[in-house]
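All of the numbers you see were taken from the coordinates with simple rules; none came from a lab. The structure presented is a predicted model; accordingly, all values stated were derived computationally and were not measured. With ideal geometry, Cβ positions are generated from the backbone for all residues, glycine too; neighbour counts draw on all protein chains shown.
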Amino acid sequence: MTINFAFKALSDPTRRIILDLLRERDLTAGEIAEHFQMTKPSISHHLNILKQAELVIDQRNGQHICYSLKTSVFQDITNWIVSFQQIKTERQERHES
């Protein structure tokens, strides 16, 4: 997983809504589709992009596939973003010395 691919996946508002839905609980593709006025193949496309970015995982449960967040990737992204704040803080401390 590259962070760039995760950001590309996060750039779409539909995918961000899907992630918000999955934050509440695991859902099937059909349950996710109920929240949108788009075709199920379109929802599947968004879910595949989220899977490729390793932001969600899927697990077969009988005839259904259940989707859930893969929180470790969000932790990686958060750590990457926080590292920029740390660099800024270190630079400010050097300038104040």
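Some points to look at:
- Principal-axis tilt of helix 13-24 within the chain, Cα atoms, nearest 10 degrees: 80
- With the highest mean first, a sort of the peptides 61-70, 34-43 on other beta-carbon atoms found within 10 angstrom per residue produces 61-70, 34-43.
- Reachable aspartates and glutamates from Lys8, criterion Cα separation under 17 angstrom, eight or more residues apart if same chain: Asp20, Glu54, Asp76
- Springs between Cα atoms under 10 Å define the GNM used for the chain, and in it the highest mean-square fluctuation of Ile18, Ile81, Ile32 occurs at Ile81.
- Structure-derived semi-axes √(5λ) of the Cα gyration tensor in Å: which label, when the choices are (1) 21, 15, 11; (2) 35, 13, 11; (3) 33, 19, 16: (2)
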